[in-house]
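These notes concern the structure reproduced below.
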Amino acid sequence: MVIDPTNVRVKRALSALAHELGHASVDSLIDAARTRRASIEPELIAALTNNETRFFRNPAAFAAVRSEIPRLRELRSGGSLRVWSAACSSGQEAYSVAVTLGEAGLDPSQAQVLGTDASREAVARARRGHYTELEAARGLPASVKTRWFERADAGWQASEPLRRFTQFRSHNLLHRPAAGSLYELVMLCNVLIYFDDSTRERILGHVAGTVTDGGLLGLGPGDPAPPGFVLAGPPAASLYRRQATRRARVERSA
């Protein structure tokens, strides 16, 4: 992994980690990462991908996903929809997807959302599903908040019906997902901007390979779509559909 020390977003994301690990500057932290990559790579990935998160961060993307749910269900022939929220941080994106599924009339037996993050601390927070008033105010409509969350400990707790849609675990995006991992919807939003070109290509290749034919991949604004994907909604949604592979088309025409 190569980190661009001139990238303003990178410096902002890594400043707290540099202080925590006793480095005088972000440049010092990056130099240490080059010589001790294996020992601090997880912390670097976590700091880069956890820098900014909120509920329904891109409303256009969630509106486009909502409109695609009937088609995605057809891909599963009645089976449970599989969704992956990659680099989910403290869970706001995963819960936003779960709310979208629930608002579309699905229940946890019909759809499941996997949220992953390199940070075990972030995964633990996502599993708890508790958010402060400020966190809940960032992107969570009042009607959604009262329907899918409950007041708890001076904040808001994801309700049990909402939490049943989700599961969370640790995963480093620089590593390949488990063999056989396939999803009808994968969200990889506002993650790739923090990495150099070769790392972006590596991560995108790993993640895009888990999207089923006809499935959707959500990216951040300005992120390039991988080969074999076409725009699946308004440009502002940054949502892309995987085209059928040649093998799949042959099998369906046989």
- request: Would you tally the net charge around GLU68, using a Cβ to Cβ cut-off of less than 10 Å, leaving GLU68 out, and scoring K and R as +1, D and E as -1?
  value: +3
- prompt: For the pair ARG71 and LEU182, what calculated FRET efficiency results from E = 1/(1 + (r/R0)^6), where r is the Cβ-Cβ distance and R0 = 25 Å, to the nearest 0.05?
  reply: 0.90
- line: Contour minus Cα-Cα span, ALA24 to SER159, at 0.36 nm per residue, comes to 44.3 nm
message: Within 10 Å, Cβ to Cβ, of LEU182, how many net charges do the neighbouring residues add up to if Lys/Arg are +1 and Asp/Glu are -1?
response: -1
- request: Treat each spin label as a single point 7 Å out from the Cα along the C-beta direction, and report the ALA60 to ILE193 distance in nm.
  value: 1.4
message: Starting from the 7 Å offset along Cα-to-Cβ, what nm value, one decimal, do you get for the label separation of THR245 and ALA124?
response: 3.9
task: Could you please report the charge total around ALA232, scoring K, R as +1 and D, E as -1 over all other residues with beta-carbon less than 11 angstrom from its beta-carbon?
output: +2
query: By its C-alpha gyration tensor, with a ≥ b ≥ c as the square roots of the eigenvalues, how is the range 84-135 shaped: rounded for a/c under 1.5, else prolate for a/b larger than b/c, else oblate?
result: oblate
- request: Treat each spin label as a single point 7 Å out from the Cα along the C-beta direction, and report the ARG169 to THR132 distance in nm.
  value: 3.1
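Any read-out appearing in this document is the output of simple, stated calculations on the displayed coordinates, not a laboratory observation. These numbers were taken from a predicted model, which means no experiment stands behind them. Glycine also receives a Cβ, built like all others from the backbone with ideal geometry; neighbour counts cover every protein chain displayed.
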